[in-house]
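Nothing in this text is a laboratory measurement; each read-out follows from the coordinates by a stated rule. All values derive from a computational prediction rather than experimental measurement. All Cβ positions, even for glycine, are placed from backbone atoms using ideal geometry, and neighbour counts span all protein chains on display.
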Number of protein chains: 2
Amino acid sequence: MPELRKDPIIDRWVIISTDRGKRPVFFIEESLPSKIGMCPLCPGNENMTPPEVYAIRIDPSPPNSPNWALRVVPNKFPALRIEGDLNKEGIGLYDRMNGIGAHEVIIETPVHGQTLSSMDVLAVQNVFIAYRERTLDLTNDKRFKYIIVFKNHGSIAGASLDHSHSQLIALPIVPRRVLEEINGGLNYYKFKDRCIFCDIIAQEKEDNLRVVFENERFIVLSPYASRFPFETWILPKKHEPYFALHDRDDNYFSISEALSIVLKKYDKVLNAPPYNYMIHTTPFGNGEIPHYHWHMEIIPRLTKMAGFEWGTGFYINPTPPEEATEYLRETHV
Amino acid sequence: MPELRKDPIIDRWVIISTDRGKRPVFFIEESLPSKIGMCPLCPGNENMTPPEVYAIRIDPSPPNSPNWALRVVPNKFPALRIEGDLNKEGIGLYDRMNGIGAHEVIIETPVHGQTLSSMDVLAVQNVFIAYRERTLDLTNDKRFKYIIVFKNHGSIAGASLDHSHSQLIALPIVPRRVLEEINGGLNYYKFKDRCIFCDIIAQEKEDNLRVVFENERFIVLSPYASRFPFETWILPKKHEPYFALHDRDDNYFSISEALSIVLKKYDKVLNAPPYNYMIHTTPFGNGEIPHYHWHMEIIPRLTKMAGFEWGTGFYINPTPPEEATEYLRETHV
């Protein structure tokens with residue numbers, strides 16, 4: 001059973017994933033590229049994954065058969081386990097709880113080799129709809145306090161399978177980074193009586209130095225204090241605290257268009273880079289809060305994280321976001 | 001001139017290093033391994049670095065000539081600039097200041113190909129002495145609030161030169177991660193009236209599950225909530241807030257022995273892995289504070305940081321620290 005352990009000095013939880021139980025030798029061996037015929041995420045290999053928990057099918061075929069457009073399955077090697085109680089306890093000055101949670105894989109396309117940037121916008125929209133449906137379903141489990149959606153694209157970015165997929169983890173705690181953002185937003189709100197994200201959008205539209213793309217409902221920015229070269233954030237222009245409660249009229253079409261365009265621009269300017277993205281949203285059940293605004297953060301993996309960054313939480317970014325914005329804007333896709 | 005920019009949502013400063021000005025093409029090209037004859041850190045090539053600011057010489061040779069055992073030079077491509085005023089300003093809701101700071105390179109050995117794990121303990125001791133001497137010197141500059149010492153070993157860990165070296169950056173702010181630890185230590189102290197690091201050391205000695213090595217003055221632990229496989233911390237056993245004020249009798253001999261042994265163990269168990277280390281210390285001028293305890297954090301680079309970690313500040317560690325400790329303890333060096 002994996003464990004959640006808390007750093008006693010700062011409020012940081014770590015998953016100690018005993019089930020994955022890596023022996024030193026595994027770190028030395030190189031991971032082998034998977035052959036196409038062997039890909040557990042390809043149609044026809046449905047028996048190689050745990051049974052699906054959600055799918056978008058192109059005909060009324062039964063679960064776990066081929067003919068799907070998108071499929072969500074539990075991770076075969078989950079970081080956390082779905083069964084059991086939280087069972088919090090102290091060990092001297094340390095705190096732990098059982099590693100309860102859900103860890104799912106969103107298989108974004110049946111076509112091995114397709115990517116979010118080569119898929120059409122309606123197929124990308126299906127991915128966001130799947131994120132919503134799984135989030136709403138997992139929200140019913142009262143053991144979970146937060147659901148994080150993220151994607152690792154490319155082996156440098158941490159993907160262990162080639163076939164295009166994203167992941168979702170339901171956690172019994174609210175992760176530190178999100179909590180810090182919410183507290184930061186609350187401090188600003190107390191001072192100004194306005195949402196800081198809404199204010200950032202307003203200032204960026206006026207300055208027009210870091211706006212990469214904009215459609216009716218979403219804006220893509222290079223953040224003023226970007227940690228990484230070509231980092232971008234996608235934000236709804238209207239104040240919305242919850243990702244999963246996004247406007248059903250739009251139904252994620254506009255963010256799918258925005259994401260598709262940004263990824264195509266990355267592919268052209270940065271030669272199809274590896275990247276990570278993640279969705280930050282308000283933990284559910286907090287009502288219509290005025291100080292936090294869901295968004296997506298995208299990080300192309302161009303530089304190596306060095307000791308300085310980890311040692312300090314202080315980043316060195318060699319590309320000013322204004323320059324990155326120019327490159328991305330100029331590139332037509 | 002590089003800039004320091006503050007994330008408006010959370011209290012995180014970023015160096016936007018305009019001088020390094022990476023164009024997209026640079027991210028695509030692979031970095032070339034340097035030839036030994038061309039190494040700017042080798043003896044005989046002293047003119048390839050800025051003039052030295054400190055050296056330990058094996059004879060009374062003049063500065064910037066060969067015959068040194070250790071040399072400290074300003075970084076030729078500094079992340080921050082030493083000249084100028086801080087000049088803080090607001091830009092709408094954003095905050096910035098000039099990128100003032102010092103960025104130095106500690107060339108640990110004249111022998112290209114030697115590493116901290118192959119050097120003898122007295123040579124490692126010289127490295128710590130150099131950290132101290134540079135820290136004490138830079139402390140006199142009132143523009144600086146913090147000095148961080150760190151090392152990137154191996155290209156995966158971010159080293160851009162083969163020749164064994166570490167780095168030091170003097171900053172006009174206290175970095176976020178250190179501030180969080182100090183605040184965490186203070187909260188514990190208010191509650192318990194004891195140093196949390198001292199309490200951790202006491203509990204670890206009693207549990208004896210995560211103690212990798214111990215000598216008279218230092219202890220090497222696998223932290224209870226290790227973020228990374230085989231992460232270790234080296235702490236002075238006696239309460240000391242400041243790295244640079246460490247006991248002159250010991251003069252870093254004991255930590256040099258401890259570091260040397262840990263790195264040798266890593267080399268054997270993990271096949272000479274890339275690693276980062278960093279020294280966390282109290283910002284100078286805070287007196288004899290009872291709640292913060294300097295230490296060194298060492299992170300072998302075995303796993304890839306993925307989107308989940310960055311998106312959440314929440315780590316998944318596939319190797320329980322108790323298992324890592326066993327492997328390291330069992331290995332004789």
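When you look at the Cβ of every residue in A:317-328, what mean number of other chain Cβ atoms sits within 10 Å?
On the way: counts 11, 14, 10, 8, 3, 2, 6, 2, 0, 0, 2, 1.
Mean partner shielding for this stretch: 5.
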Fill in the blank from the handout: Quick calc of log₁₀ I(q)/I(0), the stretch B:3-175, Debye, one scatterer on every Cα, no solvent, q values 0.15 1/Å, result -0.94
Practice task
Taking each label point as 7 Å beyond Cα in the direction of the beta carbon, state the distances from B:ASP137 to the same residue in the other copies, shortest first, in nm.
Solution key: 6.3
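Provide, as a two-decimal number, the C-alpha radius of gyration of chain B over 2.2 N^0.38 Å, N being how many residues it has. The partial results should precede the final answer.
Numbers: Rg = 20.2 Å, N = 333, 2.2 N^0.38 = 20.0 Å.
Ratio of Rg to 2.2 N^0.38 Å for chain B: 1.01.
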Exercise for the section: Enumerate the residues in the stretch B:223-239 having an amide nitrogen under 11 Å from the point lying 7 Å beyond the Cα of A:ILE91 toward its Cβ. Expected result: B:224-226
Exercise for the section: Count the lysine pairs in the stretch A:177-330 whose Cα atoms sit under 27 Å apart, keeping only pairs 8 or more residues apart in sequence or on different chains. Expected result: 19
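Other chains' Cβ within 10 Å of B:1-11 residues: what's the mean?
The per-residue average across the peptide is 6.
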Handout entry: For A:ARG248, inter-copy label distances in nm, listed shortest first [label point 7 Å out on the Cα-Cβ vector]
Key = 7.6
Practice task
Give the peptides A:1-11, B:183-193, B:138-148 in descending order of average Cβ contacts within 10 Å, highest first.
Solution key: A:1-11, B:138-148, B:183-193
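Beyond 33 Å, what percent of the Cα pairs of the protein assembly as shown remain? Mind dumping the intermediate values first?
Numbers: 108535 of 221445 pairs.
So the pairs more than 33 Å apart make up 49 percent of the total in the protein assembly as shown.
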Handout entry: Per-copy distances of the B:ARG329 label point, shortest first, in nm (7 angstrom along Cα→Cβ)
Key = 6.0
Exercise for the section: Treating the Cα atoms of the stretch A:177-330 as identical point scatterers in vacuum, please give the log10 of the normalised Debye intensity I(q)/I(0) at q = 0.16, 0.20 Å⁻¹, two decimals. Expected result: -0.95, -1.40
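Set the Förster radius R0 to 41 Å, insert the Cβ-Cβ distance between A:TYR54 and A:THR18 as r into 1/(1 + (r/R0)^6), and round the FRET efficiency to 0.05. Write out the running numbers ahead of the final one.
Working: r = 28 Å, r/R0 = 0.69.
For R0 = 41 Å, the calculated efficiency reads 0.90.
To the nearest 20 debye, what is the magnitude of the charge dipole of the stretch A:177-330 about its Cα centre, counting +1 on the Cβ of each Lys and Arg and -1 on the Cβ of each Asp and Glu?
Details: 17 positive and 23 negative charges, 64 e Å.
In debye, rounded to 20, the stretch A:177-330 gives about 300.
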Problem - Other protein chain Cβ atoms within 10 Å, averaged over every residue that makes up B:175-187 - result: 4
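What number, rounded to the nearest 500 deg cm²/dmol, is the helix-based mean residue ellipticity at 222 nm of chain B, given -39500 (n - 2.57) per DSSP H run of at least four residues and division by all its residues? Provide the component values of the computation, followed by the final result.
Numbers: 7 runs with 87 residues, N = 333.
Value at 222 nm, helices only: -8000 deg cm²/dmol.
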